[in-house]
Amino acid sequence: MKKYKVAVVGATGVVGNEMIKMLEERNFPVESVKFLASARSVGKTLKFKGKDIPVELLTHDSGKGMDVALFSAGGQTSKDFSPSFAKAGCFVIDNSSAWRMDDNCPLVVPEVNPDDLSKDKKIIANPNCSTIQMVVALKPLHDFAKIKRVVVSTYQSVSGAGSKGLADLESQTKAYGKGEKMPAPAKFPYQIAFNLIPQIDVFDPNGYTKEEMKMTNETKKIMGDKSILVSATCVRVPVFRSHSESVWIETEKELTPQKAKELLSKAKGIEVMDDPEKGIYPMPLQAENLQKTFVGRIRSDISCANGLTFWVVSDNLLKGAALNAVEIAEMLIAKNIL
Ligand code: NAP
Ligand code: 3JN
């Protein structure tokens, strides 16, 4: 089997760390790895399959000789450096929002739109975590009943906000437990422990946040259907890992909960956990470190015709970020593009 030279850009970050683990766990055919980050990290080493790999400084020459690079170093770094990787012939799979809405860049969830990948499109965007887990569940339902409208509320864990987000929840919870003065938040605008913050990212003039508008715009592009209407409310919750979503859809054709369960049970990447009488439904703690998207609480909306509502949970650092990126690379290989 052919093996590939793989770069991880932002290797020292929360998502970068998961990318390295996914490459290892999924036994991605690696010939060599290169771990890249900022000047702050030069001198550090990271483990790959038991070996110490030095972290190198990201430069415009870093892509030379590489086959594929997984980027998770923020939008500006991606805007600055992805083009030089692509020019060197290296495929870039970027986790930031930098390229998602660019018409020349595919925005891909392998279960939904693998055919958007092509040889000549070297920069590929990985969608936002909240979008990914939602479209994995929407796709089989859309193919059967055509979704007209989606109303979604998210319950997003602090790991979506990186290492400072994780540190805020940990330090605030510890301080509360010890009866100490609450430390000032380092990442979020307010205390997150024992609280909910109905703001993720900054507000747009239309009253939605940028995170919410990502869900609207990315869903249309991935599903290849501009007519799907999406209204999102994104909320940060005091959970370390895994995002949860309450999703409501209105379909053109009738879709019973039984049919939805059947379609979702057969869909790749999904596990239906839906037995309310036994108290079985997905929860963020149970989804942690797992590679599936879990769906439960599937029921008809009693307030309107052709309405269906359900609950979706997935590990935001895996399917929402690192796993989807590695699956895109695997799909490039399966399609003989890489
Ligand atoms: P993080 O823990 O803060 O890590 C940031 C990483 O980027 C670190 O490795 C950092 O290197 C590197 N970096 C920052 N500036 C750099 C520069 N100028 N040159 C090279 N490397 C640089 O953040 P994270 O949670 O892993 O998230 C990273 C990015 O992934 C986010 O900004 C976002 O764009 C994307 N993300 C996407 C999703 C999604 O929904 N798919 C979810 C979360 C994050 P140093 O350690 O050297 O500073
Ligand atoms: O907050 C979350 O749960 C997900 C955050 C994603 C994120 C964080 C910082 C910058 C993104 C993203 O992937 O949309 C970005 C970005 O715009 O690149």
Any idea how far the Cα center of segment 231-296 sits from the one of segment 1-74, in Å? 32
Select from segment 109-162 those trypsin sites (Lys or Arg not before Pro) which occupy a DSSP coil region and have at most 13 other Cβ atoms within 10 Å, ordered by residue number. K119
Towards the positive end of the charge dipole of the chain, with charges on Cβ (+1 Lys, Arg; -1 Asp, Glu), say which of S265, V33, A186 has the farthest Cα. V33
Below 9 angstrom from the Cβ of V295, what's the summed charge of the other residues (Lys, Arg +1; Asp, Glu -1)? 0
At a 1.4 Å probe radius, which order do M182, M22 fall into by accessible area, largest first? M182, M22
Percentage of interatomic Cα-Cα distances in the chain larger than 37 Å: 17
Tell me the GluC sites (Glu not before Pro) within segment 116-221 that lie in a loop according to DSSP and have at most 14 other beta-carbon atoms within 10 Å. E180
Under a Cβ-only charge scheme (Lys and Arg +1, Asp and Glu -1), can you give me the dipole magnitude of segment 124-245 about the Cα centre, in debye to the nearest 20? 100
So K278 and S32, fully extended at 0.36 nm per residue minus their Cα-Cα distance, gain in nm 83.8 nm
Ratio of segment 1-57's C-alpha Rg to 2.2 N^0.38 Å, to two decimals? 1.06
Could you check which residue among D168, D115, D94 shows the biggest mean-square fluctuation in a GNM of the chain with a 10 Å Cα cutoff? D115
Report, ordered by chain and residue number, the lysines lying within cross-link reach of K87, taken as a straight Cα distance under 24 Å and ignoring same-chain residues fewer than 8 apart. K2, K3, K5, K34, K64, K79, K119, K121, K122, K335
For segment 186-338, give the magnitude of the charge dipole about the Cα centre (Cβ charges: +1 Lys/Arg, -1 Asp/Glu; no others), in debye to the nearest 20. 220
Counting Lys and Arg as +1 and Asp and Glu as -1, each charge on the Cβ, what is the dipole of the chain about the Cα centre in debye, to the nearest 20? 560
Sequence-distant residues sharing a close amide H with K5 (under 5 Å, placed H): E31, S32, D67, V68
Please list, by residue number, everything in segment 221-257 whose backbone N is under 20 Å from a paramagnetic label point 7 Å out along Cα→Cβ of K174. 238-241
Which value in deg cm²/dmol, rounded to the nearest 500, describes the helix-derived mean residue ellipticity at 222 nm for the chain, given -39,500 (n - 2.57) per DSSP H run of n ≥ 4 and division by the residue count? -9000 deg cm²/dmol
Given Cβ charges of +1 for Lys and Arg and -1 for Asp and Glu, the option among S246, A305, N95 whose Cα lies farthest towards the positive end of the dipole of the chain is N95
Nearest-0.05 FRET efficiency for Q76 and K187, computed from C-beta distance (R0 25 Å): 0.90
Shape descriptors of segment 1-101 over alpha-carbon atoms, Rg and Dmax in angstrom, are 12.5, 38
Once the piece of chain linking R40 and D52 is laid out straight, how much longer is it, given 0.36 nm per residue of separation minus the C-alpha distance between them? 2.5 nm
Within segment 69-209, percent of DSSP bridges classed antiparallel, to nearest 5: 10
Loop-only check: which trypsin sites (Lys or Arg not before Pro) in segment 175-207 are DSSP coil with at most 15 other Cβ within 10 angstrom? K178, K181
Spatial separation of Cα centroids for segment 108-163 and segment 175-210, in angstrom: 26
HN-Hα J couplings of segment 106-114 from phi, Karplus 6.51/-1.76/1.60, θ = phi - 60°, integer Hz, Gly and Pro as x? x, 10, 10, 10, x, 6, 10, 9, x
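The values are calculated or read from the model by the stated rules, or taken from the named source; none is laboratory data. Everything numeric here is computed off the predicted structure, so don't read it as measured data. Using ideal geometry, Cβ is built from the backbone for each residue, glycine included, and neighbour counts are taken over all protein chains shown. Note: accessible area is taken over every heavy atom of the protein model, side chains too, but ligands, DNA and RNA are not part of it. Shrake-Rupley method; radii C 1.70, N 1.55, O 1.52, S 1.80 Å.
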